[in-house]
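Notes follow the structure.
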Amino acid sequence: MATERSRRVPPEIVRRNNARTRWFHAGVYLTVLVLLFTGWWLTLGEEGEPSVLSELFGIPDTELHTNIGWVFAGLAALGVVLGWRAAWTLVVDSVRFRRSDLGWFARWPAAVFTGRFGRHEGHFDPGQRIMNVILVGTLLALIVSGVGLVTVSGGPEFVLYNKIHRWSTYLLTPALAGHIIVASGVLPGYHGAWRAMHLGGRLRTTVARRLWPAWLERQQGTSEPEALAEPERKR
Amino acid sequence: MTKRVRISVLLGALVLVGASACGSDEASGSGGSGSGSGGSGGSGGMTVSIAEPADGSSVQMPFQVKVNSSVELGTTESGKHHVHLYFDGDDSKYEVVESDTVEVSSSSKSAQGLSPGKHEMNISLRNADHSPAGAETKIMVDIGGTGGGAPQPAPTSGGYGY
């Protein structure tokens, strides 16, 4: 009986991110993926040979990269202007590290496979915070250098912007690959994490407890998990 | 402001940003253009021309193209200008010319699938960021089949049969 009843009861869920955050995240990763694809296509010497995306949009890869770059820059600017509170929260939470985080790092290699992470008190886990700093930093450098590249078109300043743009890409690419692997939930320890940013942003409390225990406790301290329609912070 | 209106404003702003980017590209590409190996001047008085092969000449794959530019050509990393070379006005497939000569062969990006016969050969001077620098030109060439062997420079003046 008890088993049948527990089957009928929906699992406790909690919403990690609101709709505005999820749409912003989707816009960012769609534009960034197009930019990475076209950017690497050109970097690997394929300029002049239309890529799949170039043929799809009907413009050269260089033009596509530039235009999508402007869209991404506009998206980032809008995100900061309209979601300044969330942006500030992201920055503050990402640069705050505690001594207790060391324990989390010590257990992380094994926890990736077992799911038995050390406790942390942050909105983001310590690894996520490092990733946030790298991703936001490199994306910011790419926006600034990208705008610089199209503004000066050539000359000594172009050479400098080009170096910044390239090296930011070299740093961003493996970091983003790591972020995708972790966030996709293919690693046992991060199973279910992808729901935090997709399909309503709702995830099981068991997943939230495993990844962000203190955040979940703060959520549960105010209301029942089922009623948590809005996250603790507007992000 | 309702949620729907807010989303509309966001989307509108994004479209405006994208449109302004496209508009600036077109504006920068509105420089001079012309035909013939004499080349053409564009914004800032920059000129580019095709020294070899001559307009109307016949060439055999592979062949060398010699470009005369009023500005120094180089790689993107150097911040210098470069030239896009393409055929029949199709600038989606092109060669990147970073010095005054380039060899065009049947395996070149711009010449893949190019049938033997008369074709328009276009060149466009580009800024380091690939935007048009405002100078471009075109000539007619009669392209033969793949000849194999070493590159065969085309004559510097006048057309001839092969």
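The values are calculated or read from the model by the stated rules, or taken from the named source; none is laboratory data. Quick caveat: nothing in here was measured; it's all calculated off a predicted structure. Cβ atoms come from the backbone with ideal geometry, glycine included; neighbour counts cover every protein chain shown.
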Open item on the list: If I filter the stretch B:123-133 for residues that are among the acidic types (Asp, Glu), within 11 Å of chain A (Cβ to nearest Cβ) and either more than 14 Å from the chain's Cα centre (by Cα) or surrounded by 17 or more Cβ atoms within 10 Å (Cβ to Cβ) (or both), do I get at least one hit?
Closed with: yes
TODO: Would you be able to tell me the number of residues in the stretch A:144-165 that are surrounded by 15 or more Cβ atoms within 10 Å (Cβ to Cβ), within 12 Å of chain B (Cβ to nearest Cβ) and under 25 Å from the mean Cα position of the chain (by Cα)?
DONE: 6
Open item on the list: Quick check on the stretch A:123-135. Is at least one of its residues within 14 Å of chain B (Cβ to nearest Cβ), among the hydrophobic types (A, V, I, L, M, F, W, C) and within 15 Å of the chain's Cα centre (by Cα)?
Closed with: no
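Every residue, every condition in (1) at pLDDT below 50; (2) more than 11 Å from chain A (Cβ to nearest Cβ), yes or no:
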site	(1), (2)
B:Lys3	yes, no
B:Gly34	yes, yes
B:Ser40	no, yes
B:Gly44	no, no
B:Ser58	no, yes
B:Leu85	no, no
B:Ser92	no, no
B:Glu95	no, no
Open item on the list: Just to be sure I understand, how many residues within the stretch A:33-71 are surrounded by fewer than 21 Cβ atoms within 10 Å (Cβ to Cβ), more than 11 Å from chain B (Cβ to nearest Cβ) and within 25 Å of the chain's Cα centre (by Cα)?
Closed with: 6
TODO: For the stretch A:48-165, please list each of the helices (runs of 4 or more DSSP H) lying entirely inside it that holds at least 3 residues being small (Gly, Ala, Ser).
DONE: A:61-82, A:84-95, A:101-114, A:126-152
